[in-house]
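The values are calculated or read from the model by the stated rules, or taken from the named source; none is laboratory data. Everything numeric in this text was worked out from a predicted model, so none of it was measured. Virtual Cβ from ideal backbone geometry, glycine too; neighbours counted across all protein chains shown. The protein model used for the area step is the full one, side chains on, heavy atoms only, and it has no ligands, DNA or RNA in it. Shrake-Rupley method; radii C 1.70, N 1.55, O 1.52, S 1.80 Å.
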Amino acid sequence: MLTSSPDLITVAQRALHSSAVLAAVKGGERSRALQFMSESLRERQDDILEANTLDLEVSREMAVPELILDWLKLTPERLQTAGQILQRLAELSDPIQQVMNVPSYQVDECHTYYQLMPLGVIALVYESFPELGAIAAGLCVRSGNSLILRGGPEASHSNQAIVDTLQLALEDAGLPVGCLQLLSADQGDVIRDVVTLDRYINLVIPYGRSSLVQQVIRQATAPVLKTAIGNCYLYWSPSGGLDIARWMILDSHLSEPDAVNAIEKVLIHRDHSMAALKTLWNSLKEKGFKLRGDEVLLTEFPEVFTAGVDDAEWGQAYLNDTIAFKVVDKLETAISWINQHSSGHADCLATESYQESRQFALGVNSSMTYINASPRFYRNPKRGSPIALGMSNQKGHRRGLISLEALTTMKHIVQGNGGY
């Protein structure tokens with residue numbers, strides 16, 4: 001039963017109508033709109049930063065957690081990155097209406113193929129990260145989808161300034177303004193209302209802390225593309241070098257403003273030398289990390305670890321500069337522990353054994369595994385790599401990087417010869 005307010009219904013209907021218009025627009029016109037959006041962000045940067053300053057002042061008065069303030073605070077560099085992403089999206093080839101032959105399924109005397117199509121209407125439910133709305137808007141325009149944004153109240157002025165900026169650019173480019181809309185964070189229980197609009201909305205993407213993601217999953221009747229931040233594991237094999245393990249941990253925490261794939265839990269084999277372990281721990285403490293240990297480590301090295309680890313912590317993200325360590329006896333134990341406790345979007349192995357790397361890659365049930373490589377997340381990676389909104393850890397619609405492909409679907413077309 002539809003219980004949403006008329007205003008929200010109007011927004012959803014406008015988005016649905018605009019998505020049909022946008023999907024029919026040529027790729028070149030959408031590229032032009034993305035260029036306008038990029039330029040507008042740059043031209044109105046001062047206005048957006050001023051709105052963000054107001055959000056920060058109000059949030060500090062309301063005792064908003066430091067983590068959220070870090071996510072909320074815009075800088076010229078963060079806005080420039082968003083503008084660069086929009087410009088890169090403008091330069092990409094049109095992802096929709098690509099035709100792919102599917103020889104494995106054929107109908108007699110017909111040609112069968114797949115065609116990539118937009119999903120339709122996408123809703124992004126997010127907290128803080130004002131520039132994320134701009135990046136999501138760019139991905140949606142490039143893929144021919146409408147976007148409904150529901151940001152947190154802590155970022156209301158920033159989000160409004162960004163949406164106003166992008167809507168002006170869309171209007172100048174001749175695209176329907178209804179393909180990008182922002183819902184007021186003060187309008188009742190908007191999250192519940194918007195995620196149950198499955199009549200109009202084709203996909204909901206929640207982005208933020210686990211509590212927000214779980215809330216959307218519980219309430220949604222529209223399809224959800226679940227995201228994850230933090231609680232990634234590293235298994236440091238006895239054959240793995242100290243330098244590679246240390247680099248993987250440190251580098252994974254460097255992505256800003258959200259260290260999506262930060263290694264927060266490390267499983268160490270009991271055969272590692274004490275010298276190597278202490279060198280790693282001292283290096284991390286010198287960088288400002290707080291170390292926690294399991295019962296074995298806390299008993300043997302009370303001077304190293306600030307506290308023990310509760311059972312629930314192994315399955316939860318810290319989202320700060322805390323790293324927990326646990327001793328395991330073999331690779332199989334590490335794989336089993338990771339599958340039970342990891343967030344499941346990015347887990348890692350440091351090893352010099354090819355056999356271990358294959359066993360880990362096939363045995364860990366994560367969307368991505370990193371072997372002797374940093375899992376550091378880049379929203380705006382080097383050219384040639386996909387632009388990503390975030391990471392998904394679910395087995396379902398999409399898994400791994402939330403890029404343009406995640407915002408499209410396949411249409412199966414059977415073309416007969418009759419009448420030609």
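At a temperature of 10 °C and a viscosity of 1.306 mPa s, determine how fast segment 193-305 diffuses translationally according to Stokes-Einstein, using the Kirkwood radius over alpha-carbon pairs as Rh; express D in µm²/s, rounded to the nearest whole number. It comes out at roughly 95 µm²/s. Near the amide H of Val260, within less than 5 Å, lie the amide hydrogens of Phe377, all on another chain or at least 5 residues away, with H placed in the peptide plane.
Computed from Cα positions, the angle between helix 354-363 and the longest principal axis of the chain comes to roughly 50 degrees. Given labels modelled 7 Å from the Cα in the Cβ direction, how far is it in nm from Asp311 to Glu352? Taking the two extended label points, one gets 3.9 nm. Phi angles of segment 12-26 translate, via the Karplus equation with coefficients 6.51, -1.76, 1.60 and θ = phi - 60°, into HN-Hα couplings of 5, 5, 5, 5, 5, 4, 5, 5, 5, 5, 5, 5, 8, 6, 5 Hz per residue; Gly and Pro are given as x.
Each peptide in 270-276, 138-144 gets a packing score, the mean of other Cβ atoms within 10 Å over its residues, and the list from highest to lowest is 138-144, 270-276. Along segment 71-84 the Karplus relation, 6.51 cos²θ - 1.76 cosθ + 1.60 evaluated at θ = phi - 60°, assigns HN-Hα couplings of 5, 6, 5, 8, 10, x, 5, 5, 5, 5, 4, 4, x, 5 Hz to successive residues, with x for each Gly and Pro.
If a/c stays under 1.5 just call it rounded; otherwise compare a/b with b/c (prolate if a/b is bigger, oblate if not). Do that for segment 280-353, with a ≥ b ≥ c from the square roots of the Cα gyration tensor eigenvalues. Rounded. Straight Cα distances below 16 angstrom link Lys395 to the lysines Lys226, with same-chain residues fewer than 8 positions distant left out. Distances between placed amide hydrogens fall under 5 Å for Leu203 paired with Val121, Ala123, all partners being 5 or more residues away or on another chain.
Projected label points at Val107 and Thr221, each 7 Å from Cα along the beta carbon direction, are separated by 3.2 nanometres. Computed over the chain, the P(r) tail beyond 39 angstrom holds 26 percent of alpha carbon pairs.
When you filter the GluC sites (Glu not before Pro) in segment 82-160 for DSSP loop state and at most 13 other Cβ atoms inside 10 Å of their Cβ, you are left with Glu109. With 22 Å as the limit, the listed pairs Lys287/Lys326; Lys73/Lys382; Lys278/Lys326; Lys265/Lys330 have Lys73/Lys382 beyond it between alpha carbons.
For the chain, DSSP calls about 30 percent of its internal beta bridges antiparallel.
Calculated accessible area for the chain comes out at 45 Å² per residue, all protein chains present (probe 1.4 Å; ligands, DNA, RNA ignored).
Put simply, the amide H of Lys265, placed in the peptide plane, has neighbours under 5 Å in Cys232, Leu234, Ala324, leaving out anything fewer than 5 places away on its chain.
When only alpha carbons of segment 225-270 are considered, Rg and Dmax amount to 11.9, 38 Å.
Of all DSSP bridge pairs formed entirely within segment 267-420, close to 15 percent run antiparallel.
Quick check on segment 140-196: take the gyration tensor over C-alpha atoms, sort the square-rooted eigenvalues as a ≥ b ≥ c, and tell me if it's rounded (a/c under 1.5), prolate or oblate. Oblate, because a/c is 1.5 or more while a/b does not exceed b/c.
Backbone phi angles across segment 223-231, fed through the Karplus curve with coefficients 6.51, -1.76 and 1.60 (θ = phi - 60°), yield HN-Hα couplings of x, 10, 9, 6, 10, 9, 9, x, 6 Hz in residue order; Gly and Pro are listed as x.
Ratio of Rg to Rh for segment 65-222: 1.04 [Cα atoms; Kirkwood radius as inverse mean 1/r over pairs]. Take the Cβ atoms of His412 and Glu303, set R0 to 56 Å, and the FRET efficiency comes out at 0.35. Result for the chain in a Gaussian network model with C-alpha springs under 10 Å: among Gly208, Gly308, Gly152, the largest mean-square fluctuation is at Gly308. Seen against the Cα atoms of the chain and their longest principal axis, helix 331-341 is set at about 50 degrees. Accessible surface of the chain, 1.4 Å probe: 49 percent of it comes from carbon and sulfur atoms.
Mean projected area of the Cα convex hull of segment 1-99, taken over all directions, amounts to 10.2 nm².
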